[in-house]
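Below is one structure, written out as structure tokens; the observations come after it.
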């Protein structure tokens, strides 16, 4: 593990003050020092010095992290804890390899332009054999126990038609004021194509044409977060190739996690690449914008985006959850609120601790499901006390997490994507089934 000493040097910048402990969602549930950010950094230092050896227990500890970066946000020494842990995971995978399941998923499904759609189309046809509809619910439950999947988990049904299969390459606005690329993301493509549809309608209505290459791939975040940088790089290069043909200055996405990956993590994972590759990556990443940022910064007047509706005596109430990748990785939190506050058909209500992590963390919610849901329950308690009609968020992962938790807790609050709340027209129903 040749780069471990470099990581140890970065980890040593932590003075062990404990500020991170007050904000870490994992420590808040486990109350175990070893699960704190400073605890993990100490283990990296000890591993580099030879005081401890690499073991499965150590690997489990370094992977018991949501990568929410609340530690980095609160660190008085500006230690990049998340960046260090992600790089440490890479070293562990390089040394120990991937499990057979992760190798199959990351290297033969997620990073393949052909295998991923074929695999999920087969899943769409066969999901009735393994999953059953939930009475009065908006999802599915497992019929039989499967490894890493809790039977009580709400599982959204795969879409009958995937967004990239039916979306034309060019969705042209009349008249056209701007032209941008559209990176869809796996969840919106395969589970919730309605979010892609809402994005296209909203932008077309405001003079923005969208180019959606059908050969775009998974952003690679799951593989990157799991330490498999080679698979993540394969995804990245496929996406760059898919978009660079069209010479676009702006590429928008409706998923905060995808936006963070494309804009921030791609340059990170190619920092040791050759100059030509780095230039390609940096040009692509510099074009990426989250949809909320684009709407507020690139269009003339966000408040003029929407159809003016008749005022009602009591408007439906909506609140907002900050995705970690949007607020902490990309520094975007004002823009979604500005958009929601501009709506005439909804009353925006601020949520207490809106930026606290929901516990999703990508594969974390699969490998640590109970802990993930315990973290979410704090947010659900806040949501229940607020008595709001809708919860909006801008991350597909957060959307899935809240749908699961709200279903299990029996709350009446609907979970919607930010774009769905913005695009809603009078008389329409926000249906997240």
### Query
Any number yet on Rg/Rh for region 163-297, C-alpha, Kirkwood?
0.96
### Message
Run the helix sum for the chain: -39,500 (n - 2.57) per DSSP H stretch of 4+ residues, divided by residue count, reported at 222 nm to the nearest 500 deg cm²/dmol.
### Response
-13000 deg cm²/dmol
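Given all pairs of different Cα atoms, what value in angstroms does the Kirkwood hydrodynamic radius of region 220-280 take?
12.1
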### Message
Give me 255, 14 sorted ascending by neighbouring Cβ count inside 10 Å, so fewest comes first.
### Response
14, 255
### Message
Once you place label points 7 Å from the Cα toward the Cβ at residue 80 and residue 142, how far apart are they in nm?
### Response
3.7
### Summary
Footprinting proxy, 114, 179, 103: sorted fewest to most Cβ within 10 Å, the residues are 114, 103, 179
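Please give the FRET efficiency for residue 161 paired with residue 55, using the beta carbon to beta carbon distance and R0 = 35 Å, rounded to the nearest 0.05.
Efficiency computed from Cβ-Cβ geometry: 0.15.
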#### Entry: Inter-probe distance in nm under a simple model that places probes 7 Å from Cα toward Cβ, at residue 367 and residue 12
2.8
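Before anything else, pin down the relative contact order of the chain: Cα pairs under 8 Å, at least 6 apart, normalised by residue count, whole percent.
This gives 14 percent for the chain.
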### Query
Most exposed first by the Cβ proxy, i.e. fewest other Cβ within 10 Å, how do 243, 130 rank?
130, 243
### Scattering curve values for the chain, log₁₀ I(q)/I(0), Debye with Cα scatterers, q = 0.07, 0.10, 0.14 Å⁻¹
-0.34, -0.71, -1.45
### Taking the C-alpha atoms of region 302-423, convex hull volume expressed per residue in Å³
96
#### Entry: For region 4-96, alpha-carbon Rg over 2.2 N^0.38 Å
0.98
### Message
Expected output is a single nm value to one decimal: the length gained when fully extending between residue 104 and residue 337, i.e. 0.36 nm times separation in residues minus the C-alpha distance. What is it?
### Response
79.9 nm
### Task
Averaged over every viewing direction, what's the projected area of the C-alpha convex hull for region 45-93? Give it in nm², one decimal, please.
3.8
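All of the numbers you see were taken from the coordinates with simple rules; none came from a lab. Note that the structure is a prediction, hence the values are computed from the model and not measured. For neighbour counting, all protein chains shown are included, and Cβ atoms are generated from backbone atoms with ideal geometry for every residue, glycine included.
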